[in-house]
Amino acid sequence: MNLLHIDSGILGDHSVSRRLTAAVTAQIKAEQPRATVAYRDLVASPLPHLSGAHLMAANAAPEDVDAQIAADVAESKAVLDEFLAADTIVLGVPMYNFSLPSQLKAWIDRVAVAGKTFRYTAEGPEGLAKGKKVIVVSTRGGHYSAGPAAVMDHQESYLKTVLGFLGITDIEIVRAEGLNLSADSKVEAISEAERVISGRGSLKLAS
């Protein structure tokens, strides 16, 4: 089993999402010792946001492509190949301003590629990345999973939409929310998430 571990939290050692993705990855390795793990830190090694020049380079002659753009295109290919090779993907996703870290959005823009992970057909779009398992480690300062604030969730809802568009329907959420409400709330939320992660059989994995 090939595991891809992605972190996008900007707080380093203070990041709850990083703490929890590490726990998920360790749990998977304990259950499947032969699993291979690829790790990508989108903060330590950020991907540039897409540009028009990048998109046009796909149809340009190599000699007409700027060296910097050519390097960016090559990195995009590496990111896409890494994604396609993964059976299970662990995504660390803190909520920033009701949505995703921009670093993670840049990664999504590199794996949502027409003809590679989705295609348009006469019957409508079809996802081509079927059969993958995604474990989303979702961290939030407030409570957005239910109640009046649920309409402000453009984090988990967006991820389910874009992953579904790519053909990935096996999506599991490991959530820690209410982290900024109080010290006690933070401890309780992290402890509950860690109980979910360590619970036997709680994380169904791709084979």
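The values are calculated or read from the model by the stated rules, or taken from the named source; none is laboratory data. Since the structure is predicted, the reported quantities are computational estimates derived from the model, not experimental observations. We place every Cβ from the backbone using ideal geometry, glycine too, and count neighbours over all the protein chains shown. Only protein heavy atoms, including side chains, enter the accessible area calculation; ligands, DNA and RNA are left aside. Shrake-Rupley method; radii C 1.70, N 1.55, O 1.52, S 1.80 Å.
Side notes on the structure shown:
- Every residue from segment 1-40 that is in contact with a Lys or Arg (Cβ under 9 Å, 6 or more places away or on another chain), at pLDDT 95 or above, surrounded by fewer than 21 Cβ atoms within 10 Å (Cβ to Cβ) and not in a helix (DSSP H, G or I): LEU11, ALA35, VAL37
- Check on GLU82, surrounded by fewer than 16 Cβ atoms within 10 Å (Cβ to Cβ), of a type in the set (Asp, Glu) and assigned to a helix (DSSP H, G or I): no
- Boolean, LEU100 is open to solvent by 10 Å² or more (accessible area, probe 1.4 Å) and either hydrophobic (A, V, I, L, M, F, W, C) or within 13 Å of the chain's Cα centre (by Cα) (or both): yes
- Filter pass, ALA60 being over 28 Å from PRO94 (Cα atoms), open to solvent by less than 60 Å² (accessible area, probe 1.4 Å) and in a helix (DSSP H, G or I): no
- Contact map, segment 133-162: first residue without any contact (Cβ under 8 Å) to a residue 40 or more places away in the chain and assigned to a loop (DSSP other than H, G, I, E, B), second residue surrounded by 15 or more Cβ atoms within 10 Å (Cβ to Cβ) and of a type outside the set (Val, Ile, Thr), Cβ cut-off under 6 Å, separation 6 or more or different chains; pairs are HIS143/GLU177; HIS143/GLY178.
- Test result for GLU172, assigned to a helix (DSSP H, G or I) and of a type in the set (Asp, Glu): no
- Cβ pairs under 6 Å, 6+ apart, first in segment 98-119 and within 18 Å of SER157 (Cα to Cα), second open to solvent by 50 Å² or more (accessible area, probe 1.4 Å) and modelled with pLDDT under 95: ALA106/HIS49; ASP109/LEU50
- A count restricted to segment 101-122 and to residues that are farther than 22 Å from LEU4 by Cα and either part of a strand (DSSP E or B) or at pLDDT below 95 (or both) stands at 3.
- Of all residues in segment 123-132, those satisfying the criterion of being touching a strand residue (DSSP E or B) at 6+ places or on another chain (Cβ under 7 Å) and assigned to a loop (DSSP other than H, G, I, E, B) are LEU128, LYS132.
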